[in-house]
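This structure is in C-alpha cells; I'll ask about it shortly.
The values are calculated or read from the model by the stated rules, or taken from the named source; none is laboratory data. From a predicted model like this one, the values you see are computed outputs, not experimental measurements. Cβ atoms come from the backbone with ideal geometry, glycine included; neighbour counts cover every protein chain shown.
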Amino acid sequence: MRLAFEELGPTFVKLGQLLATRPDLIPAEYAEEFRLLHSQVRALSYKEVEPVLVDHFGAPVNTIFSNFVPEARAAGSIAQVHMAELKDGRRVVVKVQRPGVEQTLTEDLGVLYFLAELIEKYIPEAKVFRPVAVVNEFARAVDLETNFVIEANNIRRFHENFNDEPSIKIPSVYAEYSGRRVLVMEALDGKPLSQKNALEQEGIDPEAVLKTGLRCYLKMVFTDGLFHGDLHAGNMFVLPNNRVGLIDFGIVGRLNRTTQAAIANMLVALAGEDYDRLAYEYVDLAPYIENVDVDLFARDLRDLIAPYYGLTMKHVNVGRLLMESTEIAAKYGLFMPSELILFFKSIMAIEGMGRVIVGDFNFLAYSLEFASELVQSRTEPKKIIRDFSTVGRDFQSLIAVFPRQTKQLIRRISSPEFALPIEVRELEKFRLTVRGAARTVFWGLVIGSLILAAAIVFARFH
C-alpha cells in the first residue's frame, strides 16, 4: 500500500502521511508503514510557475518586484517558495501554488471517495475504520492548504496573538499582493532550525531558544486555542537575541475551552500516573458510545505508559505515547477528534526538535506549568463570571423559545391523529420468542390430538 501511494503521486502521499498520524483510524501496522512516506517533490522551473504569478497579479512579475529569484527556495506537493524584493525594497517570501494542482487534487479526491464508499459497502469489517470519514478529514485539510487566503488569515490571527511577545516573530502578510494562489509575506532575518549552523549564530543560547519555542507553543494551546499544526524544524527560525520566528501556517489546530481543559488534565494525569483520569478524559472527548469498560481501558493505558514513567525526553517521546494511546482507545470504540490528534502529532515534532537542541530536556515537566495554570484558572472569578454569562445566555434563549415550543407540543397532543411512539429494546426478540412458543404449543396440541385420536381408534378396533 505504501509503495502504491508513492507511485500514485503527491495526493496519495499526503493521504498516507495523514493516515500515519491516525492510529485510531487504521490498523497499527499500516500507520507504522505510512510513516516512511516522504514528499520528495521536484521544484518547478520559473517558466512553469510564471503564468500563475502573471494571472494572479494581472501584470508582468517585474512590475511588482524589483528582484525575483527564479530558483525555488523550497518546494512541496502544493506550492513552492521564492525569495523576492518589492519595489520599495522590502524583502519578501512568495509562495506560489503549483499549476493545475487543484484540478489534480479534485480528481484524486473523487477516486478516494469512490474507493472509500466501495470499501464501506462491500467489506463490513472495514467500517470500524471509517474510510469515508478518513477521506472527509483529508479533503478538509487539503482544501485549507490550497487556499492561501485562509493561510493569510491564519497568519494575521497568530500575529495578533503574539503582538505583545517580543521573543516571538510572526511574519507580516502583504494582503495587497496576496490571493488564493499566491501568498506574499515578510522574509525573516534568521536561519531555520533545520540548518545545522542555526544554533551556532553569535549570541545564541540553544536552551533559551528551545524554552522560547516551547513557551510559544504552549501559549498557542492553552491560552489562544489556536496552534501551529506543522511545527517542524524547517518551520521554526532562530533569530538574533534568542528570538524564534514561525512560518507556514497552512495547517492549524483549533481548540475550544473544553478540549483545552481536557489536554491540561491529560498532561497532569500523565505526570501523576492517574490512568483512570486519563481514560475518562478520552471517554469525554470521543463521540458518545455505550458499554465502554473504563477500568479495562485504564489498565491498558497503564500497561502502555507505566514502563516509561520517570524517564526524560532523552528516553521517551510523550507525543508518540499519546498517539499510541489513541490506538488503544480505538479498541474500545473511542475515536478522537482530529484537533487532538494534530496536537499529539505536533508534540512529537517538538520533542524531536528538543532532542536535537538539549538532549535531556523534559517536555512533560515543562508543559505541566502551563497545564496546572489552566486547571487552576477555571476557578478564577473572571472565568466563573464568564461561564455564568454563557449559561445565562443559553437560559435566556431557552426562556425565549419555551412558550412557542410548549404551544406546539400542546397542539400536537390535542391532534386526533396524535400517537406516542414507544420503542422498547429487545421487544422484537421477545415477540419472536412468544411466536416460537405459540407455535410449539400449537403443534404440541395438534400432535397430542393425533396421538389421542389414534389411541381411541386403536382401542375401538381391539
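If VAL61 satisfies every condition in (1) of a type in the set (A, V, I, L, M); (2) surrounded by 14 or more Cβ atoms within 10 Å (Cβ to Cβ); (3) in contact (Cβ under 8 Å) with a residue 24 or more places away in the chain but one, which is the exception?
Tallying (1) of a type in the set (A, V, I, L, M); (2) surrounded by 14 or more Cβ atoms within 10 Å (Cβ to Cβ); (3) in contact (Cβ under 8 Å) with a residue 24 or more places away in the chain, VAL61 fails exactly one: (3).
Any residue at all in the stretch 272-287 that is in contact with an Asp or Glu (Cβ under 9 Å, 6 or more places away or on another chain), touching a residue at least 12 places away in the same chain (Cβ under 8 Å), closer than 30 Å to VAL173 by Cα and not hydroxyl-bearing (Ser, Thr, Tyr)?
No, the stretch 272-287 contains no residue that is in contact with an Asp or Glu (Cβ under 9 Å, 6 or more places away or on another chain), touching a residue at least 12 places away in the same chain (Cβ under 8 Å), closer than 30 Å to VAL173 by Cα and not hydroxyl-bearing (Ser, Thr, Tyr).
Give the residue that is nearest to LEU53 (Cα to Cα), with candidates limited to residues of the stretch 166-222 that are polar (S, T, N, Q) and free of Cβ contacts under 8 Å to residues at least 24 places away in the same chain.
The residue in question is SER172.
Let me ask you something else. How many of the residues making up the stretch 1-23 are part of a loop (DSSP other than H, G, I, E, B) and crowded, with 18+ Cβ neighbours inside 10 Å?
Number satisfying all stated conditions: 3.
Filter the stretch 214-245 down to the residues that are small (Gly, Ala, Ser) and assigned to a helix (DSSP H, G or I) and list them by number. Outline the logic, then answer.
To start, the set of residues in the stretch 214-245 that are small (Gly, Ala, Ser) comprises 225, 229, 233-234, 245.
ALA233, GLY234 - these are the residues of the stretch 214-245 that are small (Gly, Ala, Ser) and assigned to a helix (DSSP H, G or I).
Test ALA233 against the criterion of being touching a residue at least 60 places away in the same chain (Cβ under 8 Å) and surrounded by fewer than 19 Cβ atoms within 10 Å (Cβ to Cβ), and give yes or no.
Values: touching a residue at least 60 places away in the same chain (Cβ under 8 Å): yes; surrounded by fewer than 19 Cβ atoms within 10 Å (Cβ to Cβ): yes.
Here the answer is yes, as ALA233 does meet what is asked.
Hey, another quick one. If a residue counts only when it is touching a strand residue (DSSP E or B) at 6+ places or on another chain (Cβ under 6 Å) and under 30 Å from PRO23 (Cβ atoms), which helices (runs of 4 or more DSSP H) contained entirely in the stretch 90-207 have at least 1 such residues? Full working, then the answer.
Details: elements: 101-122, 131-145, 148-161.
It comes to 148-161.
A follow-up question, please. Which is surrounded by fewer than 18 Cβ atoms within 10 Å (Cβ to Cβ) and either of a type in the set (S, T, N, Q) or farther than 27 Å from PRO166 by Cβ (or both), of LEU285, LEU304, LEU270, LEU278?
Of the residues listed, the single one that is surrounded by fewer than 18 Cβ atoms within 10 Å (Cβ to Cβ) and either of a type in the set (S, T, N, Q) or farther than 27 Å from PRO166 by Cβ (or both) is LEU304.
I'm checking my understanding of the structure. Among residues of the stretch 108-144 that are under 26 Å from ALA329 (Cα atoms) and of a type in the set (D, E, K, R), which one is farthest from the chain's Cα centre (by Cα)?
Among those residues, the one meeting the criterion is LYS121.
I'd like the residue in the stretch 24-60 that is assigned to a loop (DSSP other than H, G, I, E, B) and at pLDDT 85 or above and, out of all such residues, is nearest to the chain's Cα centre (by Cα).
Step one: list which residues in the stretch 24-60 are assigned to a loop (DSSP other than H, G, I, E, B), which gives 24-27, 35-45, 58-60.
Filter again for at pLDDT 85 or above, leaving 43-45, 58-60.
Working: ALA43: 28, LEU44: 30, SER45: 34, GLY58: 37, ALA59: 39, PRO60: 40 Å.
The extreme case among them is ALA43.
Given the structure, is GLU102 closer than 26 Å to GLY234 by Cα, under 26 Å from the mean Cα position of the chain (by Cα) and at pLDDT below 90?
Answer is yes for this residue.
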